1. In this structure, is Val150 crowded, with 24+ Cβ neighbours inside 10 Å, modelled with pLDDT of 90 or more and of a type in the set (Val, Ile, Thr)?
2. Against the conditions (1) open to solvent by 30 Å² or more (accessible area, probe 1.4 Å); (2) at pLDDT below 80; (3) under 17 Å from Gly44 (Cα atoms), where does Arg164 fall short? Just the number, please.
3. Is there a residue in the range 384-400 that is within 22 Å of Gly293 (Cα to Cα) and either of a type in the set (D, E, K, R) or out of contact with any strand residue (DSSP E or B) (no Cβ under 6 Å at 6 or more places or on another chain) (or both)?
4. Tell me, please, whether a residue that is among the aliphatic types (A, V, I, L, M), in contact (Cβ under 8 Å) with a residue 24 or more places away in the chain, under 30 Å from Ala294 (Cα atoms) and crowded, with 19+ Cβ neighbours inside 10 Å can be found in the range 132-145.
5. Those residues that are more than 21 Å from Leu212 (Cβ to Cβ) and among the polar types (S, T, N, Q), I need them from the range 70-112; list them, please.
6. Just wondering, is there one or more residues in the range 176-198 that are in contact with a Lys or Arg (Cβ under 7 Å, 6 or more places away or on another chain), farther than 14 Å from Phe50 by Cβ and open to solvent by 10 Å² or more (accessible area, probe 1.4 Å)?
7. State which residue is most open to solvent (accessible area, probe 1.4 Å) when the search covers only the range 56-84 and only residues that are within 18 Å of Ser174 (Cα to Cα) and among the hydrophobic types (A, V, I, L, M, F, W, C).
8. Please determine whether any residue of the range 357-373 is crowded, with 24+ Cβ neighbours inside 10 Å, over 25 Å from Ala139 (Cβ atoms) and of a type in the set (S, T, N, Q).
Amino acid sequence: MSQSATDQNDRRTGDDDVSTGEDGGASVETARHSALRGWLAVVGLALGVFSFVTTETLPIGLLPAIADGTSVSVGTAGFLVSGFAAMAAVTAAPLTALTGRLDRKWLLVALMVVYTAGNFMAAVASGYGLLLTARIVVALAHGVFWSIAVSIAVRLVPERHAVRATSVVLGGISLASVAGTPLGTAVGQSAGWQVAFVCVGVLGFLVLATVLLCMPALPARGSGSLSALRHVLRHRALRVAVGVTALIMSGHFLAFTYVAPYLEDITGVRSSLIGVLLLVFGVAGLVGNFAAGAVVGRALRASLIGSTGLLAVVMLVMYLGGAGVPTAVAMLVCWGLLYAALPVALQTWVMRLVPEESEAASSLYVAAFNGAIGVGSFVGGLIVDSSGPRPVMLAAGAFAVAAMLLTALFGRREA
């Protein structure tokens, strides 16, 4: 079978185009069933994103308890987050390339088995060494999952719904901010941090069941070797897209990592209200994520330039006039709306640039994204220690401006 024929067969999953004739009724019913299974599998991928993001950030709210339970300092316990991100960033591209010839359904099954086992290992860990090992195990699966999730989602639905499927899958990011991390923190604080890891492990079982029941076999695409990385690295427009990702995500995490001390010290928000404001940020992110699906497909480059430019304005307002609580809350809502649209736009851009090696291209995006978490948090920490939390907003705005200019000047090729 030719590659084009294979691609057409892949696209039939979830398609609602049906034949007519004697068996028209049966064809309509079959197509509807196929479409339903395709979208259920997309929802399963969104739950997978929710699970991985929740797991990645889970220790943040439990660092004191984990430090006490494993007899290490809070700084050492913090490596459970930064080390996780670093491992995912370093291994995403090579592991995705090396698994490139596996059927995507069964690769997802294997990743969710590793995810679940790693979290249950963390739940029974009594010492820091075993807990760190468990986190590394999950991080290995994390990078590959992020590299293939969106490329799988767009194969499960008709081509005209590709951006919508992308926004559904990446909606798991905002949902994790709204529900996953806060609930995980609450469970860990009330029942023990080990129980929190058990809960995210159970989430892995749910994703695994959805993949097994709803996802069709999806033969691998691309070369499935490290040569795929060399191929995509030679793509100039992809290097620009990865650079924009690194800039904007570094700026976001530079500011967001220290948003709590900013709100307390600069705007005077009571510490008891920080959780509520972060919930507001997450809800705005959910709205922005799905609103992006309606815009990105029509004007990808313009949406990227507009989002990064407006985000720079938000950061500048927070730096100059964020001392008032109403202004800070309004800017948090705008920040959540704008930021949530960016992963949808960036992932869509990367997927369009190198469609023949979309997963290898996505793995570079994932590496840049996770690397930006560490870089942004590190730079933000230096600024906070030397000048306080207010200047981090100005620095984040500078990153956003750089991303906007890079997109405007060198990001002309969208597909």
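The values are calculated or read from the model by the stated rules, or taken from the named source; none is laboratory data. Treat the numbers as computed from the prediction; the structure is a model and nothing was measured. Ideal geometry is used to build each Cβ from the backbone, glycine not excepted, and the neighbour counts take in all protein chains shown. Protein only, heavy atoms only, side chains kept; ligands, DNA and RNA dropped before computing areas. Shrake-Rupley method; radii C 1.70, N 1.55, O 1.52, S 1.80 Å.
1. On the way: crowded, with 24+ Cβ neighbours inside 10 Å: yes; modelled with pLDDT of 90 or more: no; of a type in the set (Val, Ile, Thr): yes.
Against the criterion (crowded, with 24+ Cβ neighbours inside 10 Å, modelled with pLDDT of 90 or more and of a type in the set (Val, Ile, Thr)), Val150 does not qualify.
2. Failed condition: (2).
3. yes
4. yes
5. Thr70, Ser71, Ser73, Thr76, Ser82, Thr91, Thr96
6. no
7. Looking at residues that are within 18 Å of Ser174 (Cα to Cα) and among the hydrophobic types (A, V, I, L, M, F, W, C), I get Ile60.
8. No, the range 357-373 contains no residue that is crowded, with 24+ Cβ neighbours inside 10 Å, over 25 Å from Ala139 (Cβ atoms) and of a type in the set (S, T, N, Q).
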